[in-house]
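Visitor: The structure's right below; bear with me while I get my questions together.
The values are calculated or read from the model by the stated rules, or taken from the named source; none is laboratory data. Only a predicted model underlies this, so the values are computations on that prediction, with no experimental measurement involved. Counting neighbours? That spans all protein chains shown, and the Cβs are built from the backbone with ideal geometry, glycine included.
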Amino acid sequence: MVTLLAVERIKLFSTRSPWWCIGLAATIAIGFGALFTALSGSEEFPVSVGVTQIGYGFAANVLLVLAVLAITTEYRFNTIKVTFSAVPNRTSVLLAKTTLVAVVCGVLGEITAFASYGVGRLVKPNADLALNTAHEWRYVAGIGLVYAISAIIGISIGALIRQTAGAISLLLVYTLLVEGLIGLVPKVGDDIQKLLPFVNANHFLTVGNGATAGENNGTGLQMHWGPWGALAYFVAVAAVLLVAAIAVVERRDA
Amino acid sequence: MIEARSLTKRYGSTLAVDNLSFTVEAGRVTGFLGPNGAGKSTTMRMILGLDRPTGGDVRIDGKLYRELKNPLRMVGALLDAKWVHPNRSARAHLKWLAVSNGIPVQRVDQVLDVVGLSSVATKRAGAFSLGMSQRLGIAAALLGDPQVLLFDEPVNGLDPEGIVWIRKFMQSLAAEGRTVLVSSHLLSEMSLTASHLIVIGRGRLISECTTQEFVEQASEASVRVRGRGLEVLHKVLADAGHTPREDSGAMIVSGVTTDEVGELAAANGVILHELTAQRGSLEEAFMQLTGETVEYHAHGGTGAIAPIDPALAAAAAANPDDPNLQAAVRSATARG
């Protein structure tokens, strides 16, 4: 497994697109945080720890693209065939790739989250931005976890769909539109929305950070779980997708 | 040694490989010959465990590919030279392969040197010509110093110098006692490279023999005889040092003229119903053998432009320097 992680590390960082995605994600997370923090402070839009992390969702989408690319480019350039002829155990290949990308995204998430927080403090030195509560700590330190689990979802969807454009479109349309708009469906919309993975991830980060998101996830939803339950649910969805991806990759021709 | 037993692969309603059994022995170059679409690449993918056989199996020294530990040290394969990430350097491509199978990283520079790519080792593989990509693919195949080597159409895209190089190279690998299986749709190329042939068409085995046997059977002038009292003629011809053979009620004699056979028949009172001279080029004989089994027939003749095999046309367009391909396109066009 250590060998396979080394292999995936060489593969990931010997092409340019991961570097672009990492740079873009960091810029968006820190830049948006700095911008919104600088412009906040009014009655309607008070400064808070949450405001410094406001770019996390966009950055998470960029990292989803990174995760999708890590697997779909292997299909696009047929290097997946070379990979599976070098390592016939496909499950361990996929697990190694998922682990590596999740760790990279997780570490990047921690770095950008604390960087955004630090920049926020520099921008508003007089505001009360101390991490006083567990809620505030979770909003900053939890972002790495959300990024890592998002990466697992990205790899799984990429492995299932194989086409870069298809997988990226599906994921972005889903995260940016479907999860938000499904709540508009009459009667059942709210019940469905409470069970959607990225809504739960957002709930994990934002619950208790009332200044920006509100008690109930900013959507007015009465969620089923507290923050850690929501995170566990997010992990479960990612795990189900990963198991499905592994099962499909094992069965079909490379 | 590679052993295929009743290997079958079905894609939907298409039977790509049909109950194929063959053995590839060590110490010689075995050619895997068949027209485009015959199932050569599919078979090679099944050898590497990339495609799952619908039936049967194929083993390398008695083991399924997926049972091999560090398979690159046992089997080296070049199935498609373009199976490289275009933005990755040649060295990075070989490096991850080496690491994956516990091969020392110094070996990467060794194999790059063997194939003559040392000077472009850090260049992106996407900028490589097809010939350079082929060399990179060969370097990848050699990385683990494997006992079994598979090459799928390795001369595609190589210049004449490269073709001679790879031909000698494959023969030297076999001379070291390795198992070498090389596929091609060009019999003329195979006759120069391989000592044994496995010939397939539409996924079925047509012939498994030495190249010499295949070429002799294929290209030698022969006479086809039908008639009454052929046993007598058989004996007379055998006494004269020929080896007549049966072929569905007729007799085929190689290395004689129709004049000689006709005179011998008359002298021995044999009544002839048919006396035909048969001769053919390697390609004609190959087409005769595989003609029934070609997947994509050209049904030209009425149009102004003869339809030729698109794969062949594409290959020829990509390799304007390959005399074999250009000749193949010309003959295909003329046929249509």
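Visitor: Mind listing whichever residues of the stretch A:70-83 are buried (at least 24 other Cβ atoms within 10 Å of the Cβ) and either away from chain B (no Cβ under 14 Å) or among the aliphatic types (A, V, I, L, M) (or both)?
Guide: If the condition is that a residue be buried (at least 24 other Cβ atoms within 10 Å of the Cβ) and either away from chain B (no Cβ under 14 Å) or among the aliphatic types (A, V, I, L, M) (or both), then A:Ala70, A:Ile71, A:Val82 are the ones that fit.
Visitor: B:Thr257 is checked against (1) surrounded by 14 or more Cβ atoms within 10 Å (Cβ to Cβ); (2) of a type in the set (Val, Ile, Thr); (3) over 30 Å from B:Val114 (Cβ atoms) and fails just one. What number does that condition carry?
Guide: Just one mismatch for B:Thr257, condition (1).
Visitor: Within the stretch A:99-133, count every residue that is at pLDDT 95 or above and either within 14 Å of another protein chain (Cβ to nearest Cβ) or over 22 Å from A:Ala201 (Cβ atoms) (or both).
Guide: Within the stretch A:99-133, residues that are at pLDDT 95 or above and either within 14 Å of another protein chain (Cβ to nearest Cβ) or over 22 Å from A:Ala201 (Cβ atoms) (or both) number 1.
Visitor: Could you say whether any residue in the stretch A:184-203 is of a type outside the set (Ser, Thr, Tyr), modelled with pLDDT of 95 or more and in contact with a Pro (Cβ under 8 Å, 6 or more places away or on another chain)?
Guide: First, the residues of the stretch A:184-203 that are of a type outside the set (Ser, Thr, Tyr): A:184-203.
Restricting the remaining residues to those that are modelled with pLDDT of 95 or more gives none.
So far as the stretch A:184-203 goes, no, none of its residues is of a type outside the set (Ser, Thr, Tyr), modelled with pLDDT of 95 or more and in contact with a Pro (Cβ under 8 Å, 6 or more places away or on another chain).
Visitor: Take the residues in the stretch A:108-134 that are of a type in the set (A, V, I, L, M) and in contact with a helix residue (DSSP H, G or I) (Cβ under 7 Å, 6 or more places away or on another chain), then tell me which one is surrounded by the fewest Cβ atoms within 10 Å (Cβ to Cβ).
Guide: First, pick out the residues of the stretch A:108-134 that are of a type in the set (A, V, I, L, M): A:108, A:111, A:113, A:115, A:119, A:122-123, A:127, A:129-131, A:134.
Next cut, in contact with a helix residue (DSSP H, G or I) (Cβ under 7 Å, 6 or more places away or on another chain) only: A:108, A:113, A:115, A:119, A:123, A:129, A:131.
Details: A:Leu108: 23, A:Ala113: 27, A:Ala115: 16, A:Val119: 19, A:Val123: 21, A:Leu129: 20, A:Leu131: 14.
By that ranking, first place goes to A:Leu131.
Visitor: Can you pull out the residues in the stretch A:152-182 that are β-branched (Val, Ile, Thr) and over 16 Å from A:Ala201 (Cα atoms)?
Guide: First, the residues of the stretch A:152-182 that are β-branched (Val, Ile, Thr): A:152-153, A:155, A:157, A:161, A:164, A:168, A:173, A:175, A:178, A:182.
Listed by number, the residues that qualify are A:Ile155, A:Ile157, A:Ile161, A:Thr164, A:Ile168, A:Val173, A:Ile182.
Visitor: Can you find, within the stretch B:8-21, the residue that is farthest from B:Leu205 (Cα to Cα) among those that are part of a strand (DSSP E or B) and among the polar types (S, T, N, Q)?
Guide: Taking the stretch B:8-21 as the starting set, the residues that turn out to be part of a strand (DSSP E or B) are B:8-11, B:14-21.
Checking which are among the polar types (S, T, N, Q) leaves us with B:8, B:14, B:19, B:21.
Working: B:Thr8: 12, B:Thr14: 17, B:Asn19: 8, B:Ser21: 7 Å.
Per the stated criteria, the residue is B:Thr14.
Visitor: Among the residues of the stretch A:18-33, write down those that are farther than 20 Å from A:Ala151 by Cβ and either free of Cβ contacts under 8 Å to residues at least 24 places away in the same chain or surrounded by fewer than 20 Cβ atoms within 10 Å (Cβ to Cβ) (or both).
Guide: Residue satisfying the conditions is A:Gly31 alone.
Visitor: Hey, A:Ala96 hits all of (1) under 22 Å from B:Lys82 (Cα atoms); (2) within 14 Å of chain B (Cβ to nearest Cβ); (3) in contact with a helix residue (DSSP H, G or I) (Cβ under 6 Å, 6 or more places away or on another chain) but one; which does it fall short on?
Guide: (1)
Visitor: Is it the case that the stretch A:11-22 has a residue that's within 23 Å of A:Thr206 (Cβ to Cβ), outside any loop (DSSP other than H, G, I, E, B) and away from chain B (no Cβ under 14 Å)? Give the steps one after another, and end with the answer.
Guide: Taking the stretch A:11-22 first, the residues within 23 Å of A:Thr206 (Cβ to Cβ) are none.
No, every residue in the stretch A:11-22 fails to be within 23 Å of A:Thr206 (Cβ to Cβ), outside any loop (DSSP other than H, G, I, E, B) and away from chain B (no Cβ under 14 Å).
Visitor: Sticking with this one: Can you name every residue in the stretch B:64-93 that is at the interface with another protein chain (Cβ under 9 Å from one of its Cβ atoms), small (Gly, Ala, Ser) and crowded, with 23+ Cβ neighbours inside 10 Å?
Guide: B:Ala77
Visitor: Testing B:Ser21 on (1) among the polar types (S, T, N, Q); (2) away from chain A (no Cβ under 14 Å); (3) more than 20 Å from the chain's Cα centre (by Cα), one condition comes back false. Which one is that?
Guide: Single failed check for B:Ser21: (3).
Visitor: For the stretch B:94-114, indicate whether the set of residues that are basic (Lys, Arg) and closer than 22 Å to A:Asn78 by Cβ is non-empty.
Guide: Yes, the conditions are met somewhere in the stretch B:94-114.
Visitor: Take the stretch A:39-67 and flag every residue that is closer than 21 Å to A:Gly118 by Cα and assigned to a helix (DSSP H, G or I). Let's see the steps before the verdict.
Guide: Going residue by residue through the stretch A:39-67, those that are closer than 21 Å to A:Gly118 by Cα are A:39-42, A:45-60.
The answer is A:Leu39, A:Val49, A:Gly50, A:Val51, A:Thr52, A:Tyr56, A:Gly57, A:Phe58, A:Ala59, A:Ala60.
Visitor: Shifting gears a bit: Taking the condition surrounded by 13 or more Cβ atoms within 10 Å (Cβ to Cβ) and either more than 19 Å from B:Leu20 (Cβ to Cβ) or free of Cβ contacts under 8 Å to residues at least 40 places away in the same chain (or both), does B:Leu205 pass?
Guide: Numbers: surrounded by 13 or more Cβ atoms within 10 Å (Cβ to Cβ): yes; either more than 19 Å from B:Leu20 (Cβ to Cβ) or free of Cβ contacts under 8 Å to residues at least 40 places away in the same chain (or both): no.
No; evaluated as a whole, the condition is false for this residue.
Visitor: Which is within 30 Å of B:Leu7 (Cβ to Cβ) and either within 11 Å of another protein chain (Cβ to nearest Cβ) or in contact (Cβ under 8 Å) with a residue 24 or more places away in the chain (or both), of B:Thr43, B:Thr122?
Guide: On the way: B:Thr122 fails: within 30 Å of B:Leu7 (Cβ to Cβ).
The match here is B:Thr43.
Visitor: Does the stretch A:84-107 contain any residue that is more than 24 Å from the chain's Cα centre (by Cα) and surrounded by fewer than 16 Cβ atoms within 10 Å (Cβ to Cβ)? It would help to see each step written out before you state the result.
Guide: Initial filter on the stretch A:84-107 (more than 24 Å from the chain's Cα centre (by Cα)): A:84-90.
Those left that are additionally surrounded by fewer than 16 Cβ atoms within 10 Å (Cβ to Cβ): A:89.
Checking the stretch A:84-107: at least one residue is more than 24 Å from the chain's Cα centre (by Cα) and surrounded by fewer than 16 Cβ atoms within 10 Å (Cβ to Cβ).
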